[in-house]
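First the structure, in the form of structure tokens, and then the observations on it.
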Amino acid sequence: MMTARIEADYLLDTAYPLQEAAAALAREQSCGAFAAAAGLGDAAAREARAAARVEALEDLGPVAAPALPHAGRRSEPHRRAALTLSWPLETLGASVPNLMTTVAGNLFERPEAAGLKLTALRLPRAFAAAYPGPAFGITGTRRLAGVEGRPLIGAIVKPSVGYTPAQTATLTHLLCGAGVDFIKDDALQADGPSCPFEERVRAVLDVVDEHAQRTGRRVMVAFNLTGSVDEMRARHDLVLELGGTCLMVSLNAVGLAGLEALRRHSQLPIHGDRAGWGLYDRHPMLGIAFPAWQVFWRLLGCDQMHLNGFGNALCEPDASVVQSARACQAPLFAQKPMAVMPVLSAGQTARQVPATWASLQNTDLIYAAGGGIMTHPDGPGAGVAALREAWEAAMSGTPLAVFARTRPALAAALQAATRP
């Protein structure tokens, strides 16, 4: 019977012969190059059963210089390769923390790796059986927000910190009145003395409740409950008790085991904020690309994953945005897709909507805009209307300028965007 295997794709820069470098990385992440103690069985049989394998190795040509410091043979010519390694499932089991150690462990420190980027993961079905994945995902997020047929229009509380609970509630009142579907805390706003979590949640949900009673629409608010496992559970229980419909957690801060513990406790959707993601992906030849990175968090139960958007205010190119958003929606397993809702943000306005639609061709996302809503010349309500109209235009194949001729909110947004 064929043994189930885990596969990982990498980009590799090296001055070593490609086969030698690939074999060194495989050894590092499995049996190693150590001599076995006498009397512990057949070493060849053990390696056949437990060692990592080089499944594919493609020479992509020369590179000008090593991407990283302290690599071996720095003065020699370097080449780039596409590398696929695999591991037998029986050596680690269906364990997400140990998967991370296996595919992203000491191989990054090998002298053979003058540059190394994990780009993709393919996992056996045992992981689908071992982990629950999202409890709500795209369908559940839409149901709780009451939005179908278009993206959810969202906003992030800005400035990131500095508001009191009462001021946060006042801003929430303004955003609810403007017609947003979704609001989230910034990753920097958690449970500081100037804006305590419980006081903030109570003040904000009072506003959300009043708005829902008056309009029939309950705005989804993702409260940042990042903390210890015990703190996150207690904060979850408070949000649930008060009628909240979403949680937010900073994934890199709480870690794999932290998210797993929260998911097993949670009765609400979990919004995964990727603050710190640039540490993993900003260098093109070091770290973990988002399509591989997001696999861990989907397995553990994220329902929404925060991304950058097109023409964003940060450093991510549009091609990476497309790849990231598509990765969130692509199935992890045929029988258990674990799809999550991508959240596009960072300087989004009506102008980026056509490119977003053209690249993704679906509306299963949250389109989060701060200035695109709050700085509209006719007020936040017009800012939300302009974003919705921009999506209507894009989905109908109508240029924004044409669509805006009969839509004053969109026209004003486009005009404001052209001013210096």
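Quick one: compute a quarter of the convex hull surface over the Cα atoms of segment 167-229 and quote it in nm².
The orientation-averaged projected area of the Cα hull of segment 167-229 comes to 4.4 nm².
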Run down the lysines and flag those whose C-alpha is under 29 Å from the C-alpha of Lys117, throwing out any fewer than 8 positions away in its chain.
-> Lys336
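Hey, can you rank 266-274, 19-27, 335-343, 123-131 by average C-beta count inside 10 Å, highest first?
Details: 266-274: 23.8, 19-27: 18.8, 335-343: 21.4, 123-131: 17.2.
The most tightly packed comes first, giving 266-274, 335-343, 19-27, 123-131.
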When ranked by the protection proxy of mean other Cβ atoms within 10 Å per residue, highest first, what sequence do the peptides 249-258, 311-320, 4-13 form?
-> 4-13, 249-258, 311-320
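Please report the net charge: other residues with Cβ closer than 14 Å to the Cβ of Ala187, K and R +1, D and E -1.
Values: positive: Lys158, Lys184, Arg274; negative: Asp185, Asp186, Asp191, Asp273.
Summing Lys and Arg as +1 and Asp and Glu as -1 gives -1.
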Helix 408-417 versus the longest principal axis of the chain: what angle, 0 to 90°, nearest 10, using Cα atoms?
-> 50
Please turn the phi angles of segment 275-286 into ³J(HN,Hα) values with the Karplus equation 6.51 cos²θ - 1.76 cosθ + 1.60 (θ = phi - 60°), one per residue in order, whole Hz, x for glycine and proline.
-> 3, x, 4, x, 4, 8, 10, 5, 7, x, 10, 8
Which lysines, on any chain, are close to Lys158 with Cα under 18 Å apart, when same-chain ones fewer than 8 places away are left out?
-> Lys184
³J(HN,Hα), Karplus 6.51/-1.76/1.60, whole Hz, each residue of segment 63-73, x for Gly, Pro | 10, 5, 7, x, 6, 10, x, 6, 7, x, 6
Using Cα-only point scatterers and the Debye equation, what is log10 of I(q)/I(0) for segment 360-420 at each q in 0.16, 0.17, 0.21 Å⁻¹, rounded to two decimals?
-> -0.48, -0.54, -0.81
Calculate how steeply helix 165-178 sits against the longest principal axis of the alpha-carbon atoms of the chain, using the helix alpha-carbon long axis, and give the answer as 0 to 90 degrees to the nearest 10.
-> 80
For segment 253-270, 3J(HN,Hα) per residue [Karplus equation, 6.51 cos²θ - 1.76 cosθ + 1.60, θ = phi - 60°, Hz, x = Gly/Pro] | 6, 8, x, 4, 5, x, 5, 4, 5, 5, 4, 5, 9, 6, 10, 10, x, 10
Taking amide H positions as placed 1.01 Å from N in the peptide plane, with prolines and chain starts having none, which residues 5 or more places from Leu116, or on another chain, fall under 5 Å of its amide H?
-> Asp13, Leu286, Gly287
Here P(r) for segment 266-385, Cα-Cα distances in 5 Å bins, as whole percents, is 2, 11, 20, 22, 19, 14, 7, 3, 1, 0
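Which order do the peptides 203-215, 382-394, 355-367 come out in when sorted by mean C-beta neighbours inside 10 angstrom, highest first? Numbers along the way, then the final one.
On the way: 203-215: 16.6, 382-394: 23.8, 355-367: 18.7.
Highest to lowest by the protection proxy: 382-394, 355-367, 203-215.
Bear in mind that the values in this text are calculations on the coordinates, not laboratory data. Computed from a predicted model, the values in this text were never measured in an experiment. Counting neighbours? That spans all protein chains shown, and the Cβs are built from the backbone with ideal geometry, glycine included.
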